[in-house]
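Here's the structure, in structure tokens; my notes come after.
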Amino acid sequence: MRIEQHTPFVTPIFTIQYNELKSHKQLTDEALSLEQSKDGNVISNVGGFQSKSFTTENRLVYKFWFEILPQVQQFISLYHIGCNYDTNLDTLWYNVNRKHNFNQTHNHPNSVVSGVYYLETPKDSGRIAFDTPDKGLSYNPFYKTYFNNFNEYNSSKYYIKPNKGLLILFPSHIDHYVEPNNNDEPRISLAFNVQILARKNDG
């Protein structure tokens with residue numbers, strides 16, 4: 001008898017811990033400056049500040065993008081894309097979540113890869129949580145049983161505790177949310193979406 005285990009569907013999430021990007025302080029200062037302007041969006045954020053979107057036409061965003069691009073390309077290489085393509089930053093925005101602020105469950109449609117980079121993460125400022133794309137785990141009562149340990153086979157959620165200088169990359173279609181900040185100091189991050197565009201055949 002031979003038993004083989006097949007794992008055909010996988011959801012990759014990368015975490016990259018930088019000591020500190022060269023653009024880190026500038027990005028932090030920019031986030032707080034934009035918060036003061038109060039010119040932002042309300043999308044998934046409950047309280048807190050979410051800025052308007054930026055592209056690499058912004059010099060600071062351009063600098064950040066090319067600092068993290070090698071890791072983004074490494075993530076995308078998991079997909080074994082069979083054509084020449086460009087990896088483009090689509091949009092980027094800043095988040096400042098003060099005490100009790102959080103982000104509701106959402107995803108990022110119309111992009112392929114999304115990411116978040118943490119600029120300030122005081123103690124108890126909230127984890128990021130990812131929901132399983134396998135909806136059966138969310139609805140079937142069996143998966144609400146008390147398991148000895150949670151693993152990739154029985155978990156309906158996956159939590160990551162952020163650190164200052166942490167970059168998280170994940171598929172854009174995965175539902176996720178951010179827990180409330182329970183600290184008096186702000187949690188500051190930036191989030192972004194990445195597009196993968198096939199190059200047109202020159203012939």
Original post:
So what is the relative contact order of the range 14-198, in percent, for Cα pairs below 8 Å that sit 6 or more residues apart?
Top reply: 35
Subject >> Residue-wise HN-Hα coupling along the range 42-51, computed from phi with Karplus coefficients 6.51, -1.76, 1.60 (Hz; x: Gly, Pro) >> reply: 10, 10, 9, 7, 10, x, x, 10, 10, 6
**OP:** Can you give me the three principal axis dimensions of the range 11-130 from its C-alpha atoms, in Å, biggest first?
**Re:** 45, 31, 29
Original post:
Based only on Cα atoms, what Rg/Rh ratio does the chain have, Rh being taken as Kirkwood's radius?
Top reply: 1.00
Original post:
Which ³J(HN,Hα) values, rounded to whole Hz and listed in residue order, are derived for the range 119-131 from phi using the Karplus coefficients 6.51, -1.76 and 1.60 in 6.51 cos²θ - 1.76 cosθ + 1.60 with θ = phi - 60°, glycine and proline given as x?
Top reply: 9, 9, 9, x, 4, 6, 8, x, 8, 9, 10, 10, 8
Subject >> Relative exposure of TYR118, TYR158, TYR62, judged by other C-beta atoms within 10 Å (fewest first) >> reply: TYR62, TYR158, TYR118
Original post:
Among VAL61, VAL178, VAL10, which comes first, then next, by fewest other beta-carbon atoms within 10 Å?
Top reply: VAL10, VAL61, VAL178
Original post:
Ordered by residue, what ³J(HN,Hα) values in Hz, to whole numbers, does the range 101-107 give under the Karplus form 6.51 cos²θ - 1.76 cosθ + 1.60, where θ = phi - 60° and Gly and Pro are x?
Top reply: 6, 7, 10, 6, 4, 7, 9
**OP:** Pick out which of LEU32, LEU119, LEU167 has the largest mean-square fluctuation in a Gaussian network model of the chain, springs linking Cα atoms closer than 10 Å.
**Re:** LEU32
Subject >> Most positive-pole-ward Cα, ASN154, THR87, THR15, against dipole of the chain from beta carbon charges >> reply: ASN154
**OP:** Over 21 Å between C-alpha atoms is what I'm after, so list which of LYS25/LYS123; LYS99/LYS135; LYS52/LYS157; LYS135/LYS157; LYS25/LYS63; LYS38/LYS157 land there.
**Re:** LYS99/LYS135; LYS52/LYS157; LYS38/LYS157
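Rule-based calculations on the coordinates, nothing more; no lab input. Here the structure is a predicted model, which is why all the values come from computation and not from measurement. Using ideal geometry, Cβ is built from the backbone for each residue, glycine included, and neighbour counts are taken over all protein chains shown.
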